[in-house]
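Worksheet: one structure, shown below.
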Amino acid sequence: MFRDVTFGQYYPKNSFVHNMDARIKLVLCLLFMVGIFFVQSYVGFALVTVFLMVVILASKVPLKSILKSVKGIVVLLILTAMLNIFFTKSGNVLVSWWIFTITDEGLIYASKMLLRLVYLVIGSSVLTLTTTPVDLTHAIERLLAPLKVIKFPVHDLALIMSLTLSFIPSLIDETDRIIRAQKARGADFDTGNLFQRAKAFVPILIPLLVGGFRRAEELANAMNSRCYEGATNRTQMRVMKLSWRDLVASLVCIIVFGGIIVVYAMKATWQPILPWMYF
Amino acid sequence: MSKSPVVAPQIDEKVAIYANNLNFVYNPKSPFEKHALKDISLSINKGEFVAIVGHTGSGKTTFVQHLNALVRHQSGDLFVAGLNLADKKLDLKKLRGSVGMVFQYPEYQLFADTVLEDVAFGPRNFGVAREDAYKLAKNALETVGLDFEQIKSKSPFDLSGGEKRRVALAGVLAMKPQILVLDEPTAGLDPQGKREILSLVKSINKQNDITVVMVSHDMNEVYENADRVIVFRDGGVVYDLPPRQLFKLEDQIVSMNLEIPQMAQFTNALEKQGIVLPDDCITVDQIFDALCQLKGGSNV
Ligand SMILES: Nc1ncnc2c1ncn2[C@@H]1O[C@H](COP(=O)(O)OP(=O)(O)OP(=O)(O)O)[C@@H](O)[C@H]1O
Ligand SMILES: [Mg+2]
């Protein structure tokens, strides 16, 4: 049952985007996320839409899998839209009822905001759909490497991240198994009042916790018995290499989002973006 | 195997499990799609002890989890304990009360404060009153050979591995199932513990007349205990034979990465020398007796 949580999960394919260097993908994704908040005009949105479509095509991930992640934030989207619609007082009033007023500017802000959020989610899910969690952690470790200078434990952080990530599938499997085992003994998770339902989860949570601690201890023992030591000049099993793809992708992104930011800076109107920054 | 047309199996009183062209696909229409069961057809009679063997990933677990609807039926016919699993309005409680399922490493599902509570969990879920559930738990714990008075108020987490497994088995037996399904019940036990669990299962099968379906990787235990062995390969059934006949097919068995049980190797070798033993010679003792009789001597 928990296997259905595929949202944002790596989607194996052999494509331009999959084969890019994870570090570049991560940096470009950040650039995209920042850049999208500088988009103001319809032309800008059209440009970003075309850009995203090209990226999705190049990633060979079906649109359905990508839109699944948008489904996950529908509530947030609706809430944002309402806030933007009802709390924008400037512009021509279209409808006014009790304490609510809807203005044309409010509608425009709201729809721009929605588009930004949707694009944000699509952009980040393209990153996680085309990059394995392992590659992603390595990329983060490499990108944070300069922080080692100030004694920031980059390596340990990356280790914790990759261990956590590698525990998730086995934890999901384990949960699945325990649920099945208790169901086989007649456990019922779907009926009864709230209290009864909460109580029904005890037979799952306890074995899960016990098992989690057991695994953690086994892993710690296994690492200790092989004399694992943190960051002392370890070499990496996967060597990350840049290729022509990374160059092409970087150029495209820099032109598109660099352009957007430059245009924005020339207009030099700071006022409208402030309310959006809350999200 | 039954290639004959579907004989309305729910009418036949003798049949405990009946499958016809059962198919199952994990994650259909996604890159993770996996056709795990392909046209499985088999039938298991009440009171039988059937072993399911096969290389890892051959679909054994997927099949046995169909038997109490933990994996939901997709296509084909499947009747278990007189219930039609293809029925949308299937009575899950009734099914799960009739089919006891013991998972691999069942001790990892223990959760209650005391052994007694844990074993009584199953019957309680099926609406048995507390006192009666405790009685069932007591019976089940005694059946698996544990000292009830001594163990009942211990925490299940303070037991040894073997004891935990017995408690978990008792938790399933306490539901009084008609069919007992075991997925690798002896995995991770020492030889002594293995033998104990197996003789336990065997006696549950013979004395309480419970149908047993056991998945196993240990051909020796399969050879000595099962009435019939069903071999899975890549999601399909390739052999369905009594153990003695099956393990005569040495080359085919080895080509499927399965072992020949030691005793079967021995009788097969004897047969090549022209010494043919009766078909019911499985254990060392039986072979010894048969050999003595062949020699015309008496067994002292
Ligand atoms: N929940 C699942 N989702 C997707 N695929 C699965 C799932 N469970 C099993 N599979 C796949 O289905 C196939 C059959 O798996 P199954 O667990 O039935 O094999 P098995 O015969 O029990 O193997 P083993 O001897 O290793 O226990 C395997 O290829 C497995 O990878
Ligand atoms: Mg299995």
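Worth a mention:
- Rounded accessible area of residue B:258 (nearest 10 Å², 1.4 Å probe): 20 Å²
- Taking every DSSP beta bridge that has both ends in chain B, the antiparallel portion is near 55%.
- Evaluated at q = 0.16, 0.20, 0.27, 0.34 Å⁻¹: base-10 log I(q)/I(0), Debye formula over Cα of region B:261-300: -0.35, -0.55, -0.94, -1.25
- Spin-label model, residue A:107 to residue B:32: label points 7 Å out along the Cα-to-beta-carbon direction sit 4.3 nm apart.
- Of A:67, A:171, A:115, the residue with the greatest mean-square motion in the GNM of chain A, using alpha carbon springs below 10 Å, is A:171.
- Computed with a 1.4 Å probe over protein heavy atoms only, the accessible area of residue A:138 comes to about 40 Å².
- Each of A:54, B:258, B:243 was scored by the projection of its Cα onto the charge dipole of the protein assembly as shown, and the greatest displacement toward the positive side belongs to A:54; charges sit on the C-beta of Lys, Arg, Asp and Glu.
- Peptide A:84-97 has a mean of 0 when you count, residue by residue, the C-beta atoms of other protein chains within 10 Å of its C-beta.
- Remark: accessible surface ordering of A:82, A:161 (largest first) is A:82, A:161, probe radius 1.4 Å.
- Candidates B:255, B:75, B:216: whichever shows maximal mean-square fluctuation once chain B is modelled as a Gaussian network with Cα springs under 10 Å: B:255
- Cα-Cα over 32 Å, subset of A:64/A:199; B:14/B:164; A:199/B:14; A:13/A:148; B:34/B:88: A:64/A:199; B:14/B:164; A:199/B:14; A:13/A:148
- With the convex hull drawn around the C-alpha atoms of the protein assembly as shown, the volume per residue stands at 254 Å³.
- Nearest-20 debye value, region B:11-118 charge dipole, Cβ charges on Lys, Arg, Asp, Glu: 420 debye
- At full extension, residue A:14 and residue A:73 could sit 18.4 nm farther apart than now, given 0.36 nm per residue minus the alpha carbon distance.
- Lysines with Cα under 18 Å of residue B:272, excluding same-chain neighbours fewer than 8 positions away: B:248, B:295
- Distant-in-sequence amide contacts of residue B:214, defined by a placed amide H-H separation under 5 Å and a gap of 5 or more residues or a different chain, comprise B:50, B:51, B:52, B:182.
- Solvent exposure, largest accessible area first (probe 1.4 Å, DNA, RNA and ligands not counted), of B:41, B:153: B:153, B:41
- Residue B:88 versus residue A:49: modelled label distance in nm, points set 7 Å from Cα along the beta carbon direction: 4.0 nm
- For q = 0.09, 0.11, 0.14, 0.16 Å⁻¹, Debye-computed log10 I/I(0) when each Cα of chain A counts as one equal scatterer: -0.64, -0.89, -1.16, -1.27
- Heavy-atom accessible surface of residue A:244, to the nearest 10 Å², is about 150 Å², with a 1.4 Å probe and all protein chains retained.
- With the alpha-carbon atoms of region A:202-250 aligned to their principal axes, the span from lowest to highest coordinate is 53, 31, 12 Å, starting with the largest.
- A run of chain B free of exposed loop cleavage sites, with GluC sites (Glu not before Pro) counted only in DSSP states other than H, G, I, E and B and at most 15 other beta carbons within 10 Å, reaches its longest extent at B:34-300.
- Candidates A:190, A:135, A:156: whichever shows maximal mean-square fluctuation once chain A is modelled as a Gaussian network with Cα springs under 10 Å: A:190
- For chain B, a simple Cβ point-charge model (Lys and Arg +1, Asp and Glu -1, everything else neutral) yields a dipole of about 820 debye relative to the Cα centre.
- With Cα atoms as the point set, region B:24-134 shows a radius of gyration and Dmax of 16.6, 51 Å.
- Per-residue extension of 0.36 nm, minus the Cα-Cα distance of residue A:86 and residue A:236, leaves a gain of 48.7 nm for this segment.
- Using a Förster distance of 25 Å, the FRET efficiency for residue A:63-residue A:265 (Cβ separation, nearest 0.05): 0.15
- Kirkwood radius and radius of gyration were both taken over the C-alpha atoms of region A:1-135, and their ratio Rg/Rh is 1.06.
- Note on residue B:129 and residue B:148: the extension gain reaches 4.9 nm, defined as 0.36 nm multiplied by sequence separation minus the Cα-Cα distance.
- Modelled spin labels at residue B:207 and residue A:150, positioned 7 Å past Cα toward Cβ, are 7.2 nm from each other.
- Per-residue 3J(HN,Hα) values for region B:255-268, derived from phi via the Karplus relation 6.51 cos²θ - 1.76 cosθ + 1.60 with θ = phi - 60°, read 5, 9, 6, 10, 8, 8, x, 4, 5, 5, 4, 5, 5, 4 Hz in sequence order (x marks Gly and Pro).
- DSSP-assigned coil residues among trypsin sites (Lys or Arg not before Pro) in region A:25-93, each with at most 16 further Cβ atoms within 10 Å: A:60, A:89
- Using θ = phi - 60° and Karplus 6.51 cos²θ - 1.76 cosθ + 1.60, couplings along region A:175-186 (whole Hz; Gly, Pro as x): 4, 4, 5, 5, 4, 4, 4, 6, 4, 4, 8, x
- The share of Cα pairs per 10 Å bin across chain B, counted from zero up to the longest distance, runs 6, 25, 31, 24, 11, 2, 0 percent.
- Accessible area per residue (1.4 Å probe, heavy atoms of protein chains only) ranks A:197, A:116 as A:197, A:116, with the largest value leading.
The values are calculated or read from the model by the stated rules, or taken from the named source; none is laboratory data. As the structure is a prediction and not an experimental result, all values here were calculated from the model. Cβ coordinates were reconstructed from backbone atoms using ideal geometry, including for glycine residues, and neighbour counts include every protein chain displayed. Side chains are part of the model used for accessible areas, which takes the heavy atoms of the whole protein and leaves out ligands, DNA and RNA. Shrake-Rupley method; radii C 1.70, N 1.55, O 1.52, S 1.80 Å.
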